[in-house]
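What follows is one structure encoded as structure tokens, with my remarks underneath.
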Amino acid sequence: MDIGGLETVVANSAYVSARGSTDAGAASVSRDRKMRARLQLPHITRCEHLRGRPDLDFPTVCLRQPIGKRLFQQFLEEQETFAPAGGLWKSVEAYAAAEESDRPRAAQETVNRFFDSAAETFCAFLEEAAVARVKEDARHGRADLFQEAEGQLLRHLEARAWPGFKETLFFSRSLQFKWLEGQSVSEEWFLDFRVLGKGGFGEVCACQMRATGKMYANKKLNKKRLKKRNGYEAAIVEKRILAKVHSRFIVTLAYAFQTKLDLCLVMTLMNGGDLRYHVYNVDEKNPGFPEPRAVFYTAQIICGLEHLHQNRIIYRDLKPENVLLDDAGHVRLSDLGLAVELPEGKDKTKGYAGTPGFMAPELLKNEEYDWSVDYFTLGVTLYEMIEAKGPFRCRGEKVENKEVTRRILHDPVKYSEKFSAACRAACEGLMAKDPAGRLGFRDNQCAQLKGHPLFQKVNWGRLEAGLVEPPFVPDPKTVYAKDISEVGAFSTVKGVVLDEQDRAFYDDFSSGNIPIPWQEEMVETGVFGELNVWGAKGTVPRDLDP
Ligand code: ADP
Ligand code: MG
Ligand code: MG
């Protein structure tokens, strides 16, 4: 074995073993004790300035942020007046995640406990009409059975429980966690593992948050290379968009910080490689996916696109290479560096952006365009997963961009016998040259596309909850990435001097912990439970005693 090969083997085995020790939820095993000891809640008197922060409203603290929500639910359980509401809340959340076959039973149980006026935990705040409808529909076990009641429940909690909650030690505890979350992070908190891939401005490495043991991917953007190639705008857009979206179908940003040389984006680690690698390199003699596998990925991609479009973001760079697999075989969209956010009131944009062979006709013609360009790229991606070749170029064909553009604008796409009738129809609907007739996003959702015959077997509710088993599970011992020596090194950047203005930009970029993913990490790795100690009933813990 040559040195390069040996280097890869050593790096892979360190990485595979770090990964293995965290997969089983036993992150604490591989934690760095010294770093963990630095995660401590401050005394409550140091958190008073956070109390009136306007962004800490009911939906943010109690619904969206996992630590706030847990503490709010603990508070509800302890209060006799709110215990039924707290129970109903847990019950409807469990219902939403239940298997379809379990739903009628779960529905009946929920109805008996909370909707029956004779029950001990009857929820009297629910409106009579809604109670009657739920009782009537319970035996169907529909996914949205409790939607209306849940809305009433949350309004009730906001009006009645939230004001009182803010006076309790539970809320003070949530402020202590907010304080901890607001502390700055730097490279000393992360341990780097092997390189996973190479981006335009730097490497992407696997890394581990030392205090919790959680594994992430660290995308590094070299400061000088960014400046030399005018990459600031793209870097801040990518960071802002990643921090804003929260979907299981898009990589999540957990931390943004800087080192002397790089800006760093720490995000969901996707261990399973990208779809391009799986289409072409895993089984080179038999490239491409069987249709059910391609349909599964396409369905998950649609969920990701729908979330982006609901947040007014156009992705513009969908292609197999940018869709990454996790340990379980679920996929997420990554690389949002070309995305744009449309301001409220503006529904179109202009500009040449994307990858040759994927860009929609209206974009290539330099016309104004909207989200529909992403459904064209989805069509190209689906086609490539089936055919193991793009619709507008042959594999390995040396062809100028101008010719690819001409084909996209004018040539019909050819379909081999690998496509079923439904799959071909879906590709044709997505790759419609005129955006007005293209399948996609209408009335703020993808309902029409999701209802296409190609997705007949997809249970969208369970897919969206992450409960559908993937058709392919990556081997946990394999590293689905090129050998380190093939990743290639960067040349050093010469002749760039960084000044005050650059430093101001870097400080702005390095905003530190992103609240929701940070809180998820604390809960998932057990750190939240270790820090959230209360002592004997009726006593006030020392750190909360003013
Ligand atoms: P660029 O925007 O510079 O193209 P990417 O975001 O595409 O950078 O990242 C470069 C490469 O790094 C990807 O092609 C992929 O191989 C790897 N990579 C990126 N993000 C992750 C991740 N979250 N998990 C695992 N590997 C990743
Ligand atoms: Mg990329
Ligand atoms: Mg990019």
Net charge, ARG155 excluded, C-beta distance under 15 Å - Lys, Arg +1, Asp, Glu -1: -4
Filter on LYS219/LYS457; LYS402/LYS450; LYS398/LYS457; LYS319/LYS433; LYS69/LYS457 - keep pairs with C-alpha separation over 28 Å: LYS219/LYS457; LYS402/LYS450; LYS398/LYS457; LYS69/LYS457
Within segment 313-352, trypsin sites (Lys or Arg not before Pro) in DSSP loop having at most 15 other beta-carbon neighbours inside 10 Å: LYS346, LYS348, LYS350
Partner lysines for LYS135 [C-alpha distance under 27 Å; skip if fewer than 8 residues away on the same chain]: LYS90
Packing-based order for 445-454, 305-314, using average beta carbon neighbours within 10 Å, highest first: 305-314, 445-454
Highest to lowest packing among 434-441, 118-125, scored as the average C-beta count within 10 Å: 434-441, 118-125
Residue pairs, from the table LYS198/LYS494; LYS228/LYS350; LYS224/LYS365; LYS34/LYS166, whose Cα atoms sit over 28 Å apart: LYS224/LYS365; LYS34/LYS166
On Cα atoms only, tilt of 401-410 relative to the major axis of the chain in degrees: 70 degrees
Expected 222 nm ellipticity per residue - DSSP helices of 4 or more, -39500 (n - 2.57), all of the chain, to 500: -12000 deg cm²/dmol
Euclidean distance between Cα centres, segment 345-378 to segment 42-65, Å: 41 Å
Potential extension, GLN448-ALA83 segment - 0.36 nm per residue separation minus Cα distance: 127.3 nm
Cα-based shape type of the chain, given that a ≥ b ≥ c are square roots of the gyration tensor eigenvalues and the cut on a/c is 1.5: oblate
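Using mean Cβ contacts within 10 Å as the protection proxy, how do 153-160, 322-329 order, highest first?
Highest to lowest by the protection proxy: 322-329, 153-160.
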Tilt relative to the chain, helix 66-78 - C-alpha long axis, 0 to 90 degrees, to 10: 20 degrees
Degrees between helix 169-181 axis and first principal axis of the chain (Cα, 0 to 90, nearest 10): 30 degrees
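The numbers here are math on the coordinates, done by the rules we state, and not lab data. None of the values given here were measured: they were computed from a predicted structure. Please note: Cβ atoms are built from the backbone with ideal geometry, for glycine as well, and neighbour counts cover all protein chains shown.
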